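Each value in this text was obtained by applying a stated rule to the coordinates, not by laboratory testing. Because the structure is a prediction, the values reported are computed rather than measured. Here the Cβ is made from the backbone with ideal geometry for all residues, glycine too, and neighbour counts use every protein chain on show.
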């Protein structure tokens, strides 16, 4: 038994090329959006961890709560792998607040993301994370 290979008509090959030309840009935009959202998620996670590290260091006693240089150093170690990290970016502020007689340290980390994206599908210029942690009893 001899099998013959049937060739596709030329019109069908052209239709496949047109379909690919329509679908490929959509898939590429979707891929760019996934990459951009992943970048934003990574930055948000790093900033949350940075604020937590700074608050954990500052919550040990009142001396470390006043040590803004030490709090910033602990926070910046978490975001060191992000682009555009410098002496002023991210900015780290630490304050002590009291609620119902309990003293808390509040650490806020703000990261300037201007110029850090490849695709800029989600234009975010800065991101801020704040963590409050109770002070350890003296």
task = Run the quick spin-label model on residue 2 and residue 125: label points 7 Å from Cα toward the beta carbon, then report their separation in nm to one decimal.
result = 7.5 nm
Where labels lie 7 Å past Cα in the beta-carbon direction, separation of residue 99 and residue 68 in nm = 2.3 nm
ask   = Could you give the length gained on full extension between residue 45 and residue 60, defined as 0.36 nm per residue of separation minus the Cα-Cα distance, in nm?
value = 3.1 nm
inquiry  = What does the extension gain come out to for residue 21 and residue 85, with contour length at 0.36 nm per residue minus their alpha carbon separation?
reply    = 19.0 nm
remark   = With -39,500 (n - 2.57) per DSSP H segment of 4 or more residues and division by the full residue count of the chain, the 222 nm estimate, nearest 500 deg cm²/dmol, is -16500 deg cm²/dmol
request  = Considering Cα pairs under 8 angstrom that are at least six residues apart, work out the relative contact order of the chain and quote it in whole percent.
outcome  = 25 percent
message = Quick check: the angle from helix 10-58's long axis to the longest principal axis of the chain, C-alpha only, nearest 10 degrees?
response = 10 degrees
key: Whole-Å semi-axes of the ellipsoid equivalent to segment 10-134 (Cα gyration tensor, √5λ, descending)   = 46, 13, 10
